[in-house]
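Reviewing the structure listed below.
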Amino acid sequence: MANPMKIKFDKYWNECSLVLSIVVVFDPRYKMSLVEYYYNKIHSSLAISYVEKVRSALLELFNEYDEYLSHSKEESSPKFRGSSSEAHFSDDELCGFDSWYEKEKSNVVATSKTELEIYLEESLFPRSESFDVLDWWKANSAKHPTLAKIARDILAVAATSVASEAAFSRGGRIIDECRSSLVPETVEALVTTQDWLPSREKSAQ
């Protein structure tokens with residue numbers, strides 16, 4: 001019984017482990033530190049490759065959101081057109097200021113750290129039972145606008161341990177009130193019995 005359960009677990013774990021790791025990063029109490037800790041604990045010498053896979057996926061996700069939000073912001077921002085007197089004032093006293101400012105701003109952006117880098121380098125938030133990760137991102141959305149939007153989307157993904165086939169199938173394994181209230185000892189006895197019965201039938205033959 002354990003072998004098919006392990007095969008099914010590995011199948012789903014390989015598909016969802018990366019997403020779950022990214023979700024952990026968006027919890028300010030853990031970030032990449034918890035991911036590195038558990039991957040080192042589980043995979044030992046191979047942990048670095050798994051950690052880098054998470055970092056790469058996280059960076060790709062951030063760049064995708066950042067590019068989309070920047071493009072949306074450019075399209076929605078109005079173009080300012082001054083009057084003739086304002087243009088004359090600009091030509092007289094601030095000639096070349098706009099082009100200089102844009103150049104300096106682009107240089108600063110190119111050399112400054114991204115939101116993601118700043119967030120990951122900050123100290124971990126103190127752990128407490130009353131902590132609400134969604135409230136934290138709401139309060140820090142002005143500081144990390146792009147990350148806050150990613151957190152809003154990725155933390156809203158519903159998680160379940162029930163396979164879709166079992167959840168939506170009307171036949172076969174339907175969990176009623178009686179079966180869902182079985183204590184662990186009874187479940188263990190049923191699983192063991194299911195494994196023993198075929199063995200006894202084979203030995204009887």
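For this structure, a couple of remarks:
- Selection of first residues in segment 130-156 that are without any contact (Cβ under 8 Å) to a residue 60 or more places away in the chain and of second residues that are in a helix (DSSP H, G or I) and not charged (D, E, K, R), restricted to Cβ pairs under 6 Å at least 6 apart or on distinct chains, gives the following pairs, ordered by first then second residue: 141/148; 144/119; 148/137.
Yes or no, residue by residue, for (1) open to solvent by less than 60 Å² (accessible area, probe 1.4 Å); (2) modelled with pLDDT of 90 or more:
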residue: 2; (1), (2): no, no
residue: 8; (1), (2): no, no
residue: 29; (1), (2): yes, yes
residue: 39; (1), (2): yes, yes
residue: 57; (1), (2): yes, yes
residue: 63; (1), (2): no, yes
residue: 71; (1), (2): no, no
residue: 107; (1), (2): no, no
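- Any hit, segment 86-96, residues being over 30 Å from residue 196 (Cα atoms), assigned to a helix (DSSP H, G or I), of a type in the set (Ser, Thr, Tyr) and at pLDDT below 75: yes
- Residue 129 being modelled with pLDDT under 90 and not β-branched (Val, Ile, Thr): yes
- Subset tally (residues that are polar (S, T, N, Q), closer than 20 Å to residue 143 by Cα and touching a residue at least 40 places away in the same chain (Cβ under 8 Å)) for segment 16-72: 0
- Within segment 176-205, the set of residues being in a helix (DSSP H, G or I), modelled with pLDDT under 80 and of a type in the set (Ser, Thr, Tyr) comprises 180, 199, 203.
The values are calculated or read from the model by the stated rules, or taken from the named source; none is laboratory data. Source: prediction; values computed, not measured. Neighbour counts are summed over all protein chains in view; Cβ atoms, including those assigned to glycine, are modelled from backbone coordinates with ideal geometry. Keep in mind that these areas ignore ligands, DNA and RNA; they rest on the heavy atoms of the full protein, side chains included. Shrake-Rupley method; radii C 1.70, N 1.55, O 1.52, S 1.80 Å.
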